[in-house]
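Single-structure report; data block below.
The values are calculated or read from the model by the stated rules, or taken from the named source; none is laboratory data. Since we're looking at a predicted model, the values are computed, not measured. Neighbour counts are summed over all protein chains in view; Cβ atoms, including those assigned to glycine, are modelled from backbone coordinates with ideal geometry. For accessibility, only protein heavy atoms count, side chains too; no ligands or nucleic acids. Shrake-Rupley method; radii C 1.70, N 1.55, O 1.52, S 1.80 Å.
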Amino acid sequence: GFVIIKLVNPFEVPQVCKFILKYKQQIKYKGEAYVLTSGNILDVNSVKDPEKVVPMTKELKGLKNTFNYECPANSIVVIKLRYKKRLVGFGNCC
């Protein structure tokens, strides 16, 4: 009932990705993106700065089975989309 898309952008500039999901059912209008990024690809958390690189959750709206997503520079992104109602463990995103 849901789709998970994983992206990695190791470049220092954002990359626009086009997704074409070939499902009989339309994905729902909303989804979530979990983004882990930093200004420098070599950034790491440390004892002095334990939250230098932390994940952020971003709500995605206006989605259809074909959509574009701008993957931030130096990032790992997990996009979670739903195409069935009332999935256990999906949270309140959709």
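Across the range 5-53, which residue is farthest from TYR83 (Cα to Cα) among those that are assigned to a loop (DSSP other than H, G, I, E, B) and open to solvent by less than 60 Å² (accessible area, probe 1.4 Å)?
The first filter runs over the range 5-53 and keeps only residues assigned to a loop (DSSP other than H, G, I, E, B), leaving 10-14, 21-30, 38-53.
This time we only want the ones that are open to solvent by less than 60 Å² (accessible area, probe 1.4 Å), so: 21, 27, 38, 43, 46, 53.
Working: LEU21: 11, ILE27: 4, SER38: 31, ASP43: 36, SER46: 39, VAL53: 31 Å.
By that ranking, first place goes to SER46.
Put simply, of LYS80, LYS58, LYS85 the only residue that is open to solvent by 70 Å² or more (accessible area, probe 1.4 Å) and either modelled with pLDDT under 90 or closer than 22 Å to LYS22 by Cα (or both) is LYS85.
Figure legend. Inter-residue proximity from the range 64-76: first residues under 16 Å from ILE4 (Cβ atoms), second residues open to solvent by less than 40 Å² (accessible area, probe 1.4 Å) and outside any strand (DSSP E or B), beta-carbon distance below 8 Å, spacing 6+ or different chains. Indicated pairs: ASN65/LEU21; ASN65/ILE27.
Criterion first (closer than 19 Å to PRO10 by Cβ and among the charged types (D, E, K, R)) does GLU70 satisfy it?
Working: closer than 19 Å to PRO10 by Cβ: yes; among the charged types (D, E, K, R): yes.
So GLU70 passes the test.
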